[in-house]
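Data first, discussion second: the structure below is written as structure tokens.
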Amino acid sequence: MGIVPYDGANVFLDKDGRDIFTVSGGEQTVQIFNGSGMQVFSFGDDGSLGNINIYDGAVDDDGNIILLAYANAGGARKYMLLLCDYRGGLKAKVELAGVPAEFSGITPGRLVYKDGRLYLADMNSLKVLVVKEDGSYITGYDIQSVLKLSDKEVAGSGMAGFSVDKDGDLLFTIPVLFTAYRLTPELKVSSFGKPGGKQGKFGVIGGIASDGNGFYYVVDTLKCNVMVFDSNYEFQAEFGGFGYGTGDLIAPRGIAIDKSGRVYVSQGGNRGVSVYGVTYN
């Protein structure tokens, strides 16, 4: 079948890692692949979900698919959350409730599901809204305030990567600061990263994720690789590298990791998603 020509797709997985879902560039279609990389299904391209652009998605513990989408009507860009069944059939539009004004005006670009919670990350304003699956407000994170960044610093920054680890901690990267962060629900911050061209140093960082063994994976778009750090943020290894051969990457951006340790890295240049197997010594 060959490479599906995605350019910077968002990748999300079901809880067992059996199916891989991809959404590319605000299009109307969600494509689903099995563990062998074969496309097994797609939905949304028939207009059944309405005149929308889909930017991200997640799968809950019951196999329902939640989509982060924006409406294409009236010139006003407003996001919505759509609850779909496992075949993409629309079940409901999730209505948000009880969201304070501080977080009501966000424009999220990422959606993460974790333990019954939906995390909506506005990558530009550095705000994260957390709601239940029914849309009711749980909490919010103002990362600018937590990191004590000025308005000028926020205007020149923005998150490039965002995920939630097994403990419910937020993982995110800010490229202009050459730093990857971990933020706990108690607002305790830890970080790592230094700029440079050597191994373990950051060029232009993108996505971030963690696996079940406590390792952190940081995508470097400039270096075209993925760097691996242990639980103490010590550099361990890297893989990828610029090129068009097997295992190479072109402008990688996003990353996801399943329970078996397979790492999914989305790329630019219509290079699709590369899949790596990780072994531990």
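Tabulated values for the structure
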| item | result |
| --- | --- |
| Tally of residues being under 24 Å from Gly98 (Cα atoms) and in a helix (DSSP H, G or I) across the range 137-158 | 4 |
| Test for Ala121: is it closer than 25 Å to Gly26 by Cα and either among the hydrophobic types (A, V, I, L, M, F, W, C) or touching a helix residue (DSSP H, G or I) at 6+ places or on another chain (Cβ under 6 Å) (or both) | yes |
| Considering residues of the range 125-184 that are of a type in the set (Lys, Arg) and crowded, with 18+ Cβ neighbours inside 10 Å only, the residue farthest from Gly105 (Cα to Cα) | Arg182 |
| Exclusive hit being exposed (fewer than 15 other Cβ atoms within 10 Å of the Cβ), modelled with pLDDT under 85 and under 15 Å from the mean Cα position of the chain (by Cα), set Gly25, Gly2, Gly35, Gly8 | Gly25 |
| Candidate set: the range 199-231, residues that are among the hydrophobic types (A, V, I, L, M, F, W, C), touching a Gly at 6+ places or on another chain (Cβ under 6 Å) and part of a strand (DSSP E or B); chosen: the one nearest to Asp142 (Cα to Cα) | Ile208 |
| Given (1) within 20 Å of Asn213 (Cα to Cα); (2) at pLDDT 95 or above, number of the condition Lys166 does not satisfy | (2) |
| Boolean, Gly207 is loosely packed, with under 15 Cβ neighbours inside 10 Å, of a type in the set (Gly, Ala, Ser) and modelled with pLDDT of 95 or more | no |
| The listed residue being free of Cβ contacts under 8 Å to residues at least 60 places away in the same chain, in contact with a Gly (Cβ under 8 Å, 6 or more places away or on another chain) and under 20 Å from Asn270 (Cα atoms), out of Asp61, Asp56, Asp45 | Asp56 |
| In the range 100-124, residue surrounded by the most Cβ atoms within 10 Å (Cβ to Cβ) [restricted to those that are among the small types (Gly, Ala, Ser) and assigned to a loop (DSSP other than H, G, I, E, B)] | Gly109 |
| Qualifying position, being within 26 Å of Ala256 (Cα to Cα) and loosely packed, with under 11 Cβ neighbours inside 10 Å, among Asp62, Asp56 | Asp62 |
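The values are calculated or read from the model by the stated rules, or taken from the named source; none is laboratory data. In this text, all values refer to a predicted model and were calculated from it rather than measured experimentally. Neighbour counts run over all protein chains shown; Cβ positions are idealised from the backbone, glycine included.
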